[in-house]
Structures are given as structure tokens and as C-alpha cells.
1. Residue A:284 passes all but one of (1) surrounded by fewer than 21 Cβ atoms within 10 Å (Cβ to Cβ); (2) at pLDDT 85 or above; (3) part of a loop (DSSP other than H, G, I, E, B); which number fails?
2. How many residues are under 23 Å from residue B:229 (Cβ atoms) and surrounded by fewer than 18 Cβ atoms within 10 Å (Cβ to Cβ) if we restrict to segment A:212-223?
3. I need the strands (runs of 3 or more DSSP E) fully contained in segment A:208-251, keeping only those with at least 2 residues that are out of contact with any strand residue (DSSP E or B) (no Cβ under 8 Å at 6 or more places or on another chain) and on the phi < 0 side of the Ramachandran plot.
4. Please state which one of B:422, B:431, B:418 is touching a helix residue (DSSP H, G or I) at 6+ places or on another chain (Cβ under 8 Å), without any contact (Cβ under 8 Å) to a residue 24 or more places away in the chain and not assigned by TED's automatic domain parsing to the domain that holds residue B:254.
5. Suppose we filter segment A:122-171 for residues that are part of a strand (DSSP E or B) and away from chain B (no Cβ under 14 Å); how many remain?
6. List every residue pair whose Cβ atoms sit under 8 Å apart, with the two residues 6 or more apart in sequence or on different chains, where the first one lies in segment A:23-42 and is more than 7 Å from every other protein chain (Cβ to nearest Cβ) and part of a helix (DSSP H, G or I) and the second, anywhere, is at pLDDT below 80 and surrounded by 15 or more Cβ atoms within 10 Å (Cβ to Cβ).
7. Do any residues in segment B:218-239 that are part of a loop (DSSP other than H, G, I, E, B) have Cβ atoms under 6 Å from those of residues that are surrounded by 23 or more Cβ atoms within 10 Å (Cβ to Cβ), where the two are at least six apart or on different chains, and which pairs are they?
């Protein structure tokens, strides 16, 4: 419609021109010459610099808009169908994304009790986890045995874990984070993403998260050296730990109750209250009493030596 | 056109015309024969000749420079056009032009008339110049679109992703759009490890790390043996991991310089991850030493701390610690621990900067036997032995006096006299013992300061743990050899990407508002990526309509313009009259 409207004045002009020509030709002996100027409008536009400048601005705007649109489309395509994209999250996990899966590498130190991987998972996600590396459960034993050149009393453990065969370990096994999983194997837990830190400023674990620490009310998966197709039950962040005993108040109380069974004390092979500290005679004199007083939940973790490379594969749905 | 043809037909059938000749002029003919309107440098008219604005940024000088650039561009096109025009019209053969051509070529402007019309003879029409400009813009636009599509497909959607490993064991994967992702394992027992990752000035570097470390394996062993708590918390590199240690931080490599303490939001802490960019031939600077930089103006601090929590909880998800490189060089990494160099030994001995535990730990390294046998300590040891003899004598005298005192209990006056003597001897003994201690301490310091005895990195060697470091480098586009069009495309892409996946820099203006305010609620709502995308979509729609309005106003300026108020008043006054 707009073109037709624009066309009209030019047609009228051409008509007038033709009439003039007709008049002239009738005067000159019935001879008519018609000149068709098809491109007059374009030429006129070129002759007007303001119009041309506006036209150029419009073209530049259109190009910018097209580029923005195409870039947004490219970004959407990239986010849904990434092609070997490598990223990392703020907790140091390396994420290699592909069209149908993502592979995440993350280093886990065995001395950390529930180390935050920063990997967010949703309920229903299907993931496969593989681990490699080895760790030792007691640095002081390692040093003493190395100094005395004798066979290690505690062997280095692979991600599958295992106990050291002593009666003490067997009795203690029911207090570890997961009773069904092997002792010292690698565990994974999904914690709500509202938990920013399990520790306070002084480095001690916050008591409010005890149920996540000792596994009593937590969503725990036994991983070992690897586990295929784990279906995630709750949304949250993945945390990792080895299956040892997290000494929360509740666990310590249960252990002490078992240990002080009439006529059969120190069944768990507990050591004495550190001799360089003033014992709290009212509560008790074992190492557990000291740990409880200090809220030293990871007392049996901090002496671990060694790291694991955790590889997580997540299929895209 | 239909009306024109019907007119011709009518003329033929009514036989008013005996002969009809129809000439259809081509676009080139029309263009070449177009009449002059405006200056040959036609776009010049588009810009104001006089600028009356009071804007501080857009000054008359700036407008003048802009005009010069535009005129230069148009002038260049004009020369090309003139050449083509002369060849097409055959003007290059004859020097004289027909009067019709000359008439057409005199511009019908005041400026041209003022400058004598004769001077403009032989100059082509401005229409042609404008046509070339327009064609040039159209070709450029098409090329830009083709390049943009090629760039987006090859660099964004399906980049090459070539992986390589450098001589330091760092795995590097190209990510397209001038981005490279690197990752490597860093052992905590080394002081300043070269990553071999080259960065240029202006590059943006993103860092993250996983793993943990403990800074004293000996203490870890003792604590485990005694069932004791650890002296320091384990270092997880980020603060919200809990338990950062700020104890003795003034002895650490990042913290010993007064400038390290200036940033209150990023206070140094023990066991943190440090980085610096330096020339590989010179190697890393061990710590920030103001003496090395006092002669250089605006010199940056080489050693910096990675603050993994800097952008957390303040901005949107996936925002990692990042910084803009202020110089070119190689990235070096280290953990924040105590470097036991000569200056630090002095400071620790004085006890100004550290706890007593650190001081005792250091002095433990210099055992009595080694200190006594050290050749540089001979004089001190002779002096110490002299005082030791003196100490022995004094002790002997005191013992003998005490024995006499015990035996002669009857005489009260004698016992008082002996007690006074013992007292003065004990004072001398105390001075003597202090002298012995100070001489031994001096001998210890001499022994410690000898580079053969103590490695200055000895307290790094007892660190236990490692970190998997991720480094993403976004290259500075302006400090690169690639073509300009590609630079522009990358810049535009990054702008869009920044909006799509914003970092703290994008919304740094959006400071955390106070509690219980409406802006705080909006801020918290926006922190979730899903909400941000919605917000972004609304912004894009608004931007689209704004651009649409601009385009429409450009195409139909009359509709958008309003009549000036003065003219309207004049017209209304005329109507009233």
C-alpha cells in the first residue's frame, strides 16, 4: 500500500510529462517522444544527503539487530547443544560439556569431611561417578612406621576402602557414616544448596548440620571406585567424604554408651584424654570427651593423607 | 506506469499522433545525468555547520575532527567515482565538455556560487558519489552478516577446541572467541610454580581450585599422635569453606608488605592461593617488596591473593574469581606461607610480626651443637664460654655462702651480711645468664642467616596437599593481531554473552542494598539465573521496540517532528487576524 501511495505522485508527474510532450509534438507536426524514467525515485533519494544518511543509519541498525538476534540464537544453541565446551565452577570442578553429556573432574582430599564440589544436581538426574587415587588413614602411623622401617600397620587404601582388620575397627564400624557401605570407601551426599558452609569462621563444624555430617538424616550414595547410573533423589549440591566416623555429639554419646557397658569398658579401643590438656573430670576422660568438648567432628579425618580424582558423568535429559 | 501506457494507447487509437518514440532510460544514465543538488561532498550538509550546544564532551573541535574524517572518506569515494565517470562518458578523450554537461555540473548552492561557478566545471554530480556510498554500505552490510554468521558458527557454536599440553604439564583447550581453558595440578610444597600460561595486558583471567592442603606436616603428625586438634584449619582456598587462619599472616609472603593489608575486603590469610604475572626470564618475585617498585610510576603490585569468595552471594551463579591482567607475562602460583629469608628471620627474632610459637619453631632449627661448631660464631662462643665460667664461679660462690649461712645460724648479723652477698651475687648471676642467652641467640641468628644452613623455603616444604587449578583466559581483543572486523565481532559477542551470563562486573553497579528494602528483594530475585533471563528477555523486547521507534522516525521524520512552538503561535496569530 505504501509503495502504491509513493508511486502515485511519480505516475502523475510522468503523465504530466507525457501530456507536455504530446502538446509539443502536436505543435511540431504530430510527433511524440516519450522518456520513461523508472529510477527517478532512487536517483532523487541519492540526491538528498539527509535521506541517504538516514537510510545508512537504518541499515546499520538492522545489521546490529540481526547480529544481536543471531548471537542470542547461537548462545541458546550453545547452552542446549554444547560442542566440547570446557568450563569450571567456583569450587574448582572442571566441566567438559558435550551435546548429550557432561564430564566433571574434581579433586577431593581424603582429609576433608564432606568436601563441597559445587556441582548442582536435580532430582531425577542420572549420573555416573568414577574415582582414582589412594589415601592413608593415619599420618602418625605412616611416619612412625617409615621411621622404624617396618611394615605399615595401616595399608594405603584405594577408593574401595576397607578396614585394617583389627577388632577395634570391627566394633567401631557401626558408627561410620554409612553402615552398609565398606569402611573408608568414598561416599557422596546431596546437600541442599542453601548450605553455604558447614564450618564456622574458626574452622569448626556447625552443630546445626550434624545430621548431614554423621549421615543420620542424609541422602548418601556409596561410590567406591565408581558407580554407574545413579539416579539422584533430591536437588542440591554434591559433597564427598570417605566412610569413616564423623564425631558428632550424637555419635560420641552412642559410642560412649556402648563403651561404658558394665564390666566391659573400652571395647572401642579409645585413647585417653590428651594428657597435655586439663581433663573435664565431670564428663569423662577418654579422647571422645575431648572431641565432644572441642566439637572436633573431623578428628578421625584430619590425619588422612592422599587425594582422589573424582570424575562425574551426567547424561543430559 | 499503467496510466502512462493507457495514455499512449489512447493517443495511438485516436490517431492524434503519427509517430511515437519511447525511450527508456537506464539507471546508470539517470544517475549520470542527474542534476546537481547540494555540495559535491553531499553528506557534509547533514552535519550542523554551527554547534551551539553546551555539551562538555561533544565540542566544536570534536565535530570538526569528525567532519574531516567523513570528508576524507567521501573524498576518496569521489576520486574513484570521478575516474569511473570519465571513462564511462568518454571525457578522458576530449578536454572540452558540452554546454549541457557543464550546466548540469555546476552545483546549485550558495557556497558553490560564492566560489565562482567556473571552478566546479568538470565535477560530477553528488548523486553518483552518494550512490557509491550507498552501494559500499550495502556490500559492507552483506559482508558483515556473512562474516558474523561464519564467526558464530566456527567460534561459538562449533569451535575447534584444540587441546595442547605445555612443558609445565598444563592442559590447555581452546574454546573459540579467544578463550582458552587451562587446568593443572599444583603441589602446595612449592613456592611460586610457573604455570607456563602466557597472558597479555588486558586479558581477563578466571581462577578456581579444588582440593585442600595443610601447612605443617610435622604438626599434623604430632596432633594425630596426641589426639589433639590442629593448630591451623585446613586450607580449602575459599573462605566460606570455613576456618581461614589470619594468625601470623604478617610473616607470610602475602601480608608482610604494608600494601597487602590495604584491601579490607581481601585481607591476607594463611594458606590462601596466590598469583602473579611475571617475565619468565626474571622469574617470580617472592613477595611484594616496595623497594623494587619505588622508582616506577604507577607500578602494580606483583603478588596478589585469589579471593574465591569475592563474588559469591553478591552476584549471579557461576561467577568465579577473576581479574584483568595489568601486564603481559607468565602466570605463577603459590600458597601463602612464611618465606624464611634474612629480613624475616630478623623480624621473627624481634617478635614484632609473629607469635611466640613461630619464633620458637624457627629457633629450634638451630641446635646448640651446630651453632657452637659454626665457624662464624667462634668469637661469640669464646665470650659465651667466658660468661659460662663466670656463671659457674658465681654459682659456686652462692652455694658456698649458702652453706656457711646454714652452718652459722647463731650469729644474726653474719647471716644478714651473707644474705646480702648472696643477693648481689644472684643479680650478677642473672645478668650473666642473660648475656649467655643473648650471645647464644645472636649465634643462632648468625647460623640461621647463613644460606647453607637454612633454605628460605623450608616452611613451604612441609606443606601437605595439592590443588587442581582451573584457569580460563579471555584474550584482550585489542592487543591481538587478528583483523579489525573479527575484533569487532568478538567485542559484540562478548557484550551479548555478558548480558546472557553476567558476571559481577556486569552488575557491579547493583550493590547489595540494605535489609528489608524493596531493592533488596529485587536484587535477591535477580540473583537466580532463571529470573535474570526473564528480566533480560523483557529488556530485549523493550530494546527492540525502542530501535523500531528509532528506525520508524528515521524513515518517516515528518510524522515524528512537531512544529516549532514559535511558528505555531505565529500561525494562530495569523488565523486570528
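1. The number of the failed condition is (2).
2. At the first step, the residues of segment A:212-223 found to be under 23 Å from residue B:229 (Cβ atoms) are A:212-215.
This time we only want the ones that are surrounded by fewer than 18 Cβ atoms within 10 Å (Cβ to Cβ), so: none.
Residues meeting the conditions: 0.
3. Values: elements: A:220-222, A:226-231, A:236-242.
Where strands (runs of 3 or more DSSP E) fall fully within segment A:208-251, none carries at least 2 residues being out of contact with any strand residue (DSSP E or B) (no Cβ under 8 Å at 6 or more places or on another chain) and on the phi < 0 side of the Ramachandran plot.
4. On the way: B:422 fails: without any contact (Cβ under 8 Å) to a residue 24 or more places away in the chain; B:431 fails: touching a helix residue (DSSP H, G or I) at 6+ places or on another chain (Cβ under 8 Å).
Being touching a helix residue (DSSP H, G or I) at 6+ places or on another chain (Cβ under 8 Å), without any contact (Cβ under 8 Å) to a residue 24 or more places away in the chain and not assigned by TED's automatic domain parsing to the domain that holds residue B:254 holds for just one of B:422, B:431, B:418, which is B:418.
5. From segment A:122-171, those part of a strand (DSSP E or B) are A:126-133, A:135-136, A:157; that's our starting set.
Then drop every residue that is not away from chain B (no Cβ under 14 Å), which leaves A:126-130, A:157.
Number of matching residues: 6.
6. Within 8 Å, the pairs are A:41/A:10.
7. Final answer for the pair search is B:234/B:212; B:234/B:214; B:236/B:212; B:237/B:209; B:237/B:273; B:237/B:308; B:238/B:308.
Residue-wise test of (1) within 20 Å of residue A:299 (Cα to Cα); (2) in the same structural domain as residue A:134 (by TED's automatic domain parsing); (3) touching a residue at least 12 places away in the same chain (Cβ under 8 Å).
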| position | (1), (2), (3) |
| --- | --- |
| A:162 | yes, yes, yes |
| A:180 | no, yes, yes |
| A:186 | yes, yes, yes |
| A:190 | no, yes, yes |
| A:203 | yes, yes, no |
| A:209 | yes, yes, yes |
| A:223 | no, yes, yes |
| A:237 | no, yes, yes |
| A:240 | yes, yes, yes |
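The values are calculated or read from the model by the stated rules, or taken from the named source; none is laboratory data. Only a predicted model underlies this, so the values are computations on that prediction, with no experimental measurement involved. Cβ atoms come from the backbone with ideal geometry, glycine included; neighbour counts cover every protein chain shown.
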